[in-house]
Amino acid sequence: FDGVDIAFFSAGGGRSKEFAPAAVGAGAVVIDNSSAFRMDPECPLVVPEVNPDAAFNRPKGIIANPNCSTIIMNMVVWPIVQAVGVERVVVSTYQAASGAGAAAMAELEQQARDWVAGKSPVTQDIFGRQYVFNLFSHNSGIDLATGYNEEETKMIKETKKIFGDDQIKVTATCIRVPVLRAHCESINLTLKSPLDEKAARELLAKAPGVTVQDDRENNKHPEPLDASFKDDCIVGRIRQDVSQPD
C-alpha cells in the first residue's frame, strides 16, 4: 500500500479486517464497503449526502460504507428529518439480485432460460430455491429470538448511527425479488411535525442525489429499470398516510 492515498475495500469483511489496518499503516485512508467496521465507534459510517463531515473524524483511518438498503432509505428520509423530524420509520425492501453479486444475477437469468425450456427444477446454486417468478425473505441469517434477519438489523442499527440519533425508531422487512438490479423500498414515516405532500415533494426535489418521479395521472413512478445504471435514488408515490391523518 505504499504510495496509496485512498484504498477502497470491497472483498468481504474478512479481507477488510485482514488488510485495512495495513493500508492505514502505510498512510492510506481506507473506505470499506463491507460490514466489518460499520458499527465500530472509531470508524465513521458515512453517506456523503447525509453526514459528510463524519468522514473527517476517523481515529482508525477507516471510513465505513453503509449497507446498500440503508443508503437508499437514508437518502430520502434525511431531508425530512432535517425539516420536521422523524419519530419512526417503517420500511419494506424489494431487493434485486445485484445485491447478492454477479453470480446471483447470472443465476436469475439462467432460471429464466430454464423456465422457458421447461426444466424442473430450475438451476438453484446460489439461493437454493427458485428465484424467477418468486420472491422470498432476504437470504441473510435470521435471529431466532427476534425474527429479524441480518439485513433488517443492519438497516435499523446503521440508520441510528448515521443520523446520530439513538431515539429514532426503525423497523424493516427485507425481501429478495426477481429483478436484476436496483433495489426498491416502501417507506412509511411518522413525523414529529406536520408536513404536507407538496412540501415533502419540494424537499425531496432539492435533496442531493434524489430524483422525484411521481406522476399520478399516468401512474408513472419509480421502477428498477428506470433506476438501473443511474446514481440518483428515484422517489415517488409520495402521499399522506390515511391511517394517520394527523
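The values are calculated or read from the model by the stated rules, or taken from the named source; none is laboratory data. Everything quoted here is computed from the prediction, not taken from an experiment. We place every Cβ from the backbone using ideal geometry, glycine too, and count neighbours over all the protein chains shown. Side chains are part of the model used for accessible areas, which takes the heavy atoms of the whole protein and leaves out ligands, DNA and RNA. Shrake-Rupley method; radii C 1.70, N 1.55, O 1.52, S 1.80 Å.
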Output for the stretch 1-27, where each listed residue is in a helix (DSSP H, G or I) and crowded, with 17+ Cβ neighbours inside 10 Å: S16, A20, A23, V24
Count of residues meeting criterion [more than 19 Å from the chain's Cα centre (by Cα) and of a type in the set (S, T, Y)] in the stretch 27-65: 0
Check on G85, of a type in the set (G, A, S), in contact with a strand residue (DSSP E or B) (Cβ under 9 Å, 6 or more places away or on another chain), in contact (Cβ under 8 Å) with a residue 60 or more places away in the chain and under 21 Å from I162 (Cβ atoms): yes
Count of residues meeting criterion [of a type outside the set (G, A, S) and free of Cβ contacts under 8 Å to residues at least 40 places away in the same chain] in the stretch 26-47: 11
Residues located in the stretch 208-237, provided they are hydrophobic (A, V, I, L, M, F, W, C) and open to solvent by 60 Å² or more (accessible area, probe 1.4 Å): L225, F229
Scan of the stretch 58-116 for residues that are closer than 20 Å to I31 by Cβ and among the aliphatic types (A, V, I, L, M), ordered by number: I62, I63, A64, I71, I72, M75
Total residues in the stretch 156-207, condition acidic (D, E) and open to solvent by less than 50 Å² (accessible area, probe 1.4 Å): 3
Every residue from the stretch 32-48 that is crowded, with 17+ Cβ neighbours inside 10 Å and in contact with a helix residue (DSSP H, G or I) (Cβ under 9 Å, 6 or more places away or on another chain): D32, N33, S34, S35, A36, F37, R38, P44, L45, V46, V47
